[in-house]
Structures are given as C-alpha cells and as structure tokens.
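Q: Below you'll find the structure I mean.
Quick note: the coordinates plus some simple rules give every number you see, no bench work behind them. Here the structure is a predicted model, which means the values were calculated and not measured. In this analysis, Cβ positions are derived from the backbone assuming ideal geometry, glycine residues included, and neighbour counts consider all displayed protein chains.
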C-alpha cells in the first residue's frame, strides 16, 4: 500500500493506493499519527483503493472520532462500488461524507 499526504492549512488530503487490511492498516495509522492535531478536515482519496477490511474501517472510525470532537470534517472520496458497499453494510454511510468514483 502507498500513502501520499498533502497538507494545506487545516486540510489534510490522504491518498491511498492498494488494499487496506489487517496488514496495511497500521501503516495508515502511523501516517496519520500527529497529523490530526493540526487539521480540522481530512479527505481520504480512495480512487486507487480497491478494498478495506474491518481493520481499515477502524482507522476511518478513529479518525472521524478525533475530528468530530473538535467539530472537524472527514470526507471519503472516489470510492468504487465494492468499497462503497462495504461502507454501507458497516453503517459508515450513515455518518460519513462519501463520494463515489
């Protein structure tokens, strides 16, 4: 998995390429470490991400919780149909901003 981060002011864009699973979720957690203190908005660009397991969902949930505590915003962008179905089945579409590819 490849993670690219771009920070502009209080907005962080995280682009993920590959599969987000039990093996790669810690890599995303590490990449976000310390970054969330200085931002109020995070956009996850998943145009090149094909799948997530519950481990990846936990990273998204934790990021949402951190931002929510400070009235921040989290957006998951460019998800494919399979990824969207996972988010929908897990209830994430009820509280996250999600855009399809």
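Q: Based on the alpha-carbon gyration tensor of segment 2-100, what equivalent-ellipsoid semi-axes (square roots of 5 times the eigenvalues) come out, in whole Å, largest first?
A: 19, 15, 13
Q: Evaluate E = 1/(1 + (r/R0)^6) for residue 86 and residue 10, where r is the Cβ-Cβ distance and R0 equals 30 Å; express this FRET efficiency to the nearest 0.05.
A: Taking R0 as 30 Å, the efficiency between residue 86 and residue 10 is 0.55.
Q: What percent does the relative contact order of segment 2-100 come to when contacts are Cα pairs within less than 8 Å and at least six residues apart?
A: 27 percent
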